[in-house]
Amino acid sequence: MSQYQNIYLIISDMICDAKDLDDSEVNEDLTLVQLEFDSLDYVELMVLAKREFNITLTAEFFIEHPNLSIKSLCEYLGQKAEV
């Protein structure tokens with residue numbers, strides 16, 4: 001399994017749990033806005049990124065990237081994890 005696939009699996013599982021969705025309802029092209037993320041969802045995502053990948057995501061990151069897709073988020077985490 002590639003690093004991207006591993007990150008995507010972890011992120012998509014979190015989203016499915018947070019939003020009570022089935023795996024088939026989530027794909028990498030969906031944005032967090034389309035998934036109707038609220039402040040608690042963003043906080044949960046920040047905690048997950050820190051716990052799983054040792055990467056700190058901030059509220060400013062999400063504000064600067066308002067139309068962030070799941071794919072873009074996973075790619076960002078993959079780039080930061082390589083450093």
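The values are calculated or read from the model by the stated rules, or taken from the named source; none is laboratory data. Worth saying up front: this structure is predicted, and the values here are computed from it rather than measured. Every residue, glycine as well, gets a Cβ built from its backbone with ideal geometry; the counts of neighbours run over all protein chains shown.
When MET14, MET46, MET1 are screened for being among the hydrophobic types (A, V, I, L, M, F, W, C), at pLDDT below 95 and either within 13 Å of the chain's Cα centre (by Cα) or not in a helix (DSSP H, G or I) (or both), only MET1 passes. Just so you know, in the stretch 55-83 the residues that are assigned to a loop (DSSP other than H, G, I, E, B) and without any contact (Cβ under 8 Å) to a residue 24 or more places away in the chain include one that is nearest to GLN3 (Cα to Cα), and it is VAL83.
The set of residues in the stretch 14-59 being exposed (fewer than 14 other Cβ atoms within 10 Å of the Cβ), of a type in the set (D, E, K, R) and more than 14 Å from LEU73 (Cα to Cα) consists of ASP17, ASP20, ASP22, ASP23, GLU25, GLU36, ASP38, ARG51. Taking every residue in the stretch 22-47 that is touching a residue at least 40 places away in the same chain (Cβ under 8 Å) and pairing it with any residue that is assigned to a loop (DSSP other than H, G, I, E, B) and surrounded by 16 or more Cβ atoms within 10 Å (Cβ to Cβ), at least 6 positions away or on another chain, the pairs with Cβ-Cβ distances below 7 Å are LEU32/LEU68.
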